[in-house]
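Step one of this worksheet: look at the structure below.
Bear in mind these aren't lab numbers, they're just calculated from the coordinates by the rules spelled out. The shown structure was predicted, so the numbers you read here are calculated from the model rather than taken from an experiment. We place every Cβ from the backbone using ideal geometry, glycine too, and count neighbours over all the protein chains shown.
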Amino acid sequence: MKPFTYERATAVADAGRSAAIPGAAIIAGGTNLLDLMKLQVETPDTLVDVTRLDMHAMEAVDDGFRIGALVTNSNLAADRTVRRDYEVLSRALLSGATGQLRNKATTGGNLLQRTRCNYFQDTNARCNKREPGSGCDAIEGLNRILAVLGTSDHCIATHPSDMAVAMQALDATVEVMAADGSSRNVALQDFHVLPGDTPHIETVLEAGDLITAVTLPKPVDGSFQTYRKARDRASYAFALISVAAVITIKDGRFDHVALAFGGLGPKPWRDPAIEDVLRGEEPSTALFGKAADVLLADARGYGHNDFKLPLACRMIASVLRDASES
Ligand SMILES: Cc1cc2nc3c(=O)[nH]c(=O)nc-3n(C[C@H](O)[C@H](O)[C@H](O)COP(=O)(O)OP(=O)(O)OC[C@H]3O[C@@H](n4cnc5c(N)ncnc54)[C@H](O)[C@@H]3O)c2cc1C
Ligand code: SF4
């Protein structure tokens, strides 16, 4: 591992200033960053440890529920309010990684974890995300786990987070503090960006930006919520495809519909067109198929990952059927 210096931030404003210095990186739980440093995929000169900052609280606020950036995945999944009102989030968190990892992994770090593309993690391979302009060995390579939506000729990586998919279905907002101390809110929908011809840019964050919290709006009354994850093993495995759903049925028809998908795209995927197709309609097998067609209208398989298209159709139908029978 390349030598680096370590500093512990004691104030939120200082953390951003230190992290804005070229070569610096924020470290929270370290469960992703340290692995990538050992592989020489990430080679920061300085680590700015933010874990002593005051960002560990979860609290009800006027317009919903605020989750500090340092709340661990374990504590978030176990929180009473989350389990009662945001069940999809608790389920998604518990489907991720292992108990030990969830005890360290934080809310902010989870949103910013890097792709699990094998070529990204192999410094002998060509990877535009790791080394802009070098090429992409995954497109013609072993791409079974990679994306079928939102890809480009430069990158077909997926975003690996389960938590972020559930938060996408819950219309979460990310609170960010810039290095100059100013704060802004970014809708999670706009937080991650598509690869285009700059796959090394993954979010709208600037150097020195610190995630301070994530806010969920008030819960949707009486909603059916679920998180379904297809993966190679029952635990300790990332999603091949996942579906987060927050749905209400009124007078026998879909009413509130929020569906987000993991494992399909470079960002937690949400497409309002599917929700428009379902809203106001009576559940039926034909309607479920129509929703899947809309989701996958622009999908493209790359060989090994072609199976994701029919699997996505089956998963959508199964989640919508469960919602309609709930
Ligand atoms: C074996 C294994 C299996 C896993 N399985 C799953 C899984 O099934 N599902 C899943 O969703 N995840 C899984 N994970 C990933 C795990 O959830 C993430 O590694 C974890 O959530 C990252 O959080 P962290 O606090 O450790 O982040 P770190 O490793 O500390 O940081 C990750 C990134 O976020 C940045 N960062 C951290 N906090 C902030 C902040 N507040 N502001 C700005 N930048 C910040 C860091 O600079 C770094 O770039 C797995 C990980 C491992 C090792
Ligand atoms: S898919 Fe993206 S992350 Fe994977 S090798 Fe290609 S450019 Fe790199």
Inset, instruction - Using Cα centres only, tell me the gap between the stretch 158-192 and the stretch 26-68 in whole Å. - result: 14 Å
Legend entry - Computed lengthening from Lys250 to Ser284, 0.36 nm per intervening residue step minus Cα-Cα distance: 10.7 nm
Inset, instruction - Treat each spin label as a single point 7 Å out from the Cα along the C-beta direction, and report the His200 to Asp293 distance in nm. - result: 4.3 nm
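Hey, got a sec? Which chymotrypsin sites (Phe, Trp or Tyr not before Pro) in the stretch 285-326 land in a DSSP loop and have at most 15 other Cβ atoms within 10 Å?
Details: sites: Phe288, Tyr302, Phe307; in loops: Tyr302, Phe307.
When the chymotrypsin sites (Phe, Trp or Tyr not before Pro) of the stretch 285-326 are filtered for loop state and at most 15 Cβ neighbours within 10 Å, Phe307 remain.
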Legend entry - Spacing of the two label points (7 Å from each Cα toward its C-beta) at Lys104 and Tyr6, in nm: 1.2 nm
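Could you please rank Thr46, Thr158, placing first whichever residue has the fewest other Cβ atoms within 10 Å of its Cβ? List each step's numbers first, then the result.
Numbers: Thr46 16, Thr158 29.
Sorted ascending by nearby Cβ count, the order is Thr46, Thr158.
Compute the FRET efficiency between Asp180 and Leu34 as 1/(1 + (r/R0)^6), taking r as their Cβ-Cβ distance and R0 = 41 Å, and round to the nearest 0.05.
Values: r = 29 Å, r/R0 = 0.70.
My answer for the efficiency is 0.90.
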Inset, instruction - Note the angle between two axes, namely the Cα long axis of helix 285-295 and the longest principal axis of the Cα atoms of the chain, as a number of degrees from 0 to 90, rounded to the nearest 10. - result: 30 degrees
